[in-house]
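Structure record follows, encoded as structure tokens.
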Amino acid sequence: MKLLNQSLAYLSISILLIVSIWSVVFYANMLDEIYDSIDDGLANYKLLIINKAAEDSTIFSKNEFGESNYALWPIDKSEAIQVKDSYKDTLMYMLDEDDKEPVRMLTTAFEHEGQYYKLEVISSMVEEDDLIEDMFWAIFWLYLLLIISILLINNIVLKKVWRPFYDFLEQIKNFRVNKDSPLPTMKTRTKEFLELKHSCDQLINHTLDAYADQKQFTENAAHELQTPLAIIINKLELLVEKNSMENSDAEMMAELLQITSRMTQLNKSLLLLSKIENKQFFDNQAISFNELVEQTMIDFEDFASFKEVLVKMEASQEVTVTMNRMLASTLINNLIKNAIIHNQAGGEVIIQLQQGKLIIQNTANNGSLDAKRIFKRFYKNGQSQQNTGLGLSIVEAICKLYGFGVSYQYIEGKHSFCVELEV
């Protein structure tokens, strides 16, 4: 959820709670004021009736409400003493409404010329259910108006305030450490945004320095290590080609040559893994996996024949992926080479290209592998020490770089590696 929408959601909930609480308090206070006003009117009307009774004796004949809003009748002194001024809500039939309507009634007693009278005075009042309904709709429209106002403020005022932040965020998204891109800029006078930019500038500069150091180290390692190893291999090959050594010495030289070659391959694999993890490959293009698989099968044809392994491809459709060509080739090479090496004489390798998937299965020669450790560096599962143990680690690193999924299963006596190519 966007920040502006999240702010609107929080404000809406907060305003709803505040308006609801305010409505209850306002309703209670308003009702109390209405009752106070009506009660004051009834008390005043009581005094007017009592004063009028002293001047007009016909008033004592009003023992029913009828058209007037009061009624009185004589009572005993003992009963009059017990009557206290009291206010209550009651219902009374109204001719104009043809129904019972709520009224407020004052009950009191007074004495006139030695005779005591009970007096009841009524006053019409608003119905609470109508009052609640009217207030509900008034509150509803008020709340709706507030939300619309906040929405307009969010889309006009706040969006303008946050515009420098979103522009800065977009620049950071497009920033690449491998390109000579300028630092993201932010045109604002907001203190918090300026502090954010300062912190990001420090972080980016530190990242650029670390990237430059890492890149320089990788380049130096590639040159400084590969060169001596290449010289050693050449010297050993020259010594082996000479016939002056005895058989035991020649075997030792061949063993040293084999170890040195393995060191060279290990160095290349580690350097490639380092480059992948540091995201130094950005030359992406549309790659046909069908063509790459066919070319890789041709490259490994002699090796597969030597291992007596049948390699075949099952392509249900054309699979095209946007990525670096060298990494795509490395991904397929490592998986197919791994499937041929860890196979058995008379076995097979099946390469399947499906919708967004690359599946490579091979005949197992030693049961299931450890699915939790198979992509770890230098994991060999007791196989020949001639392998570097980095092939599948490189496969996993390439998949992580492009957001692919890679998994291993043991199905019906076969190792199965599946690469989910759709991000």
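The values are calculated or read from the model by the stated rules, or taken from the named source; none is laboratory data. Bear in mind the structure is a predicted one, so any value in this text is a computation, not a measurement. Because the Cβ atoms are built from the backbone with ideal geometry, glycine has one as well, and the counts that use them run over all protein chains shown. The protein model used for the area step is the full one, side chains on, heavy atoms only, and it has no ligands, DNA or RNA in it. Shrake-Rupley method; radii C 1.70, N 1.55, O 1.52, S 1.80 Å.
Note on Ser14/Ser149: beta-carbon distance plugged into 1/(1 + (r/R0)^6) with R0 of 25 Å gives a FRET efficiency of 0.95. A 1.4 Å probe, protein heavy atoms only, puts the accessible area of Trp22 near 120 Å². Taken one residue at a time, the phi angles of the stretch 85-93 give Karplus couplings (6.51, -1.76, 1.60, θ = phi - 60°) of 4, 9, 10, 8, 9, 8, 10, 9, 5 Hz. Gly and Pro are set to x.
Here's the list of lysines a cross-link from Lys197 could span, going by alpha-carbon distance under 19 Å and ignoring same-chain residues fewer than 8 apart: Lys159, Lys160, Lys173, Lys187. Surface composition of the stretch 74-209: carbon and sulfur make up 57 percent of the accessible area, probe 1.4 Å. For the stretch 20-83, the alpha carbon positions stretch 53, 27, 20 Å along the principal axes, listed from largest to smallest. Close amide-amide hydrogen proximity is noted between Asn324 and Gln285, each under 5 Å apart and 5 or more residues distant or on a separate chain (H modeled in the peptide plane; Pro and chain starts excluded).
Count the net charge of all other residues whose Cβ sits under 13 Å from the Cβ of Asp40, scoring Lys and Arg as +1 and Asp and Glu as -1.
Numbers: positive: Lys46, Arg104; negative: Asp32, Glu33, Asp36, Asp39, Asp85.
Once all neighbours under 13 Å are counted, the net charge is -3.
Extents of the stretch 94-177, taken as max minus min of Cα coordinates on every principal axis and listed largest first, are 107, 31, 17 Å.
Can you give the FRET efficiency for Gln202 and Arg163, using 1/(1 + (r/R0)^6), R0 = 25 Å, r = Cβ-Cβ distance, to the nearest 0.05? Mind dumping the intermediate values first?
Working: r = 24 Å, r/R0 = 0.94.
Given R0 = 25 Å and the Cβ-Cβ separation, E is 0.60.
Quick check for you: which residues of the stretch 11-45 have the amide N under 19 Å from the point 7 Å beyond the Cα of Ile139 toward its beta carbon? Under 19 Å, as judged by backbone N against the label point of Ile139, lie 11-35 of the stretch 11-45. Karplus-based coupling profile of the stretch 104-116, in residue order and whole Hz: 9, 10, 9, 10, 8, 9, 8, 10, 9, 6, x, 10, 9, with θ = phi - 60° in 6.51 cos²θ - 1.76 cosθ + 1.60 and x standing for Gly or Pro.
For Lys46, a cut-off of 25 angstrom between C-alpha atoms picks up these lysines, skipping any fewer than 8 places away in its own chain: Lys62, Lys77, Lys84, Lys88, Lys100, Lys118. Amide H contacts under 5 Å for Gly405: Glu420, restricted to partners 5 or more places along the chain or on a different chain, H placed in the peptide plane at 1.01 Å from N. Listed by chain and number, the lysines whose C-alpha is less than 21 Å from the C-alpha of Lys312, apart from same-chain residues fewer than 8 away, are Lys337, Lys357, Lys414. Probing with 1.4 Å while keeping every protein chain in the model, the per residue accessible area of the stretch 1-142 equals 67 Å².
Under a 5 Å amide H cut-off, with hydrogens placed 1.01 Å from N, Ile75 pairs with Tyr116, Tyr117, Lys118 among residues at least 5 apart or on other chains. Between Ile81 and Glu308, the simple label model (points 7 Å from Cα in the Cβ direction) yields a spacing of 12.9 nm.
With the Cα gyration tensor of the stretch 312-354 giving a ≥ b ≥ c as the square roots of its eigenvalues, does the rule (a/c under 1.5 for rounded; else a/b larger than b/c for prolate; else oblate) give rounded, prolate or oblate?
Details: a/c = 4.88, a/b = 1.45, b/c = 3.36.
The shape class here is oblate.
Rounded if a/c is under 1.5, else prolate if a/b beats b/c, else oblate: with a ≥ b ≥ c from the C-alpha gyration tensor eigenvalues square-rooted, which is the stretch 27-175? Don't skip to the end; give the middle numbers.
On the way: a/c = 5.49, a/b = 4.05, b/c = 1.36.
Prolate shape, in that a/c is at least 1.5 and a/b is the bigger ratio.
On the beta carbon distance between Met30 and Ala286, with R0 = 60 Å, the FRET formula returns roughly 0.25. Please sort by residue number the chymotrypsin sites (Phe, Trp or Tyr not before Pro) in the stretch 39-72 whose DSSP state is loop and whose Cβ has at most 16 other Cβ atoms within 10 Å. In loop regions of the stretch 39-72 (DSSP not H, G, I, E or B), the sparsely surrounded chymotrypsin sites (Phe, Trp or Tyr not before Pro) are Phe65.
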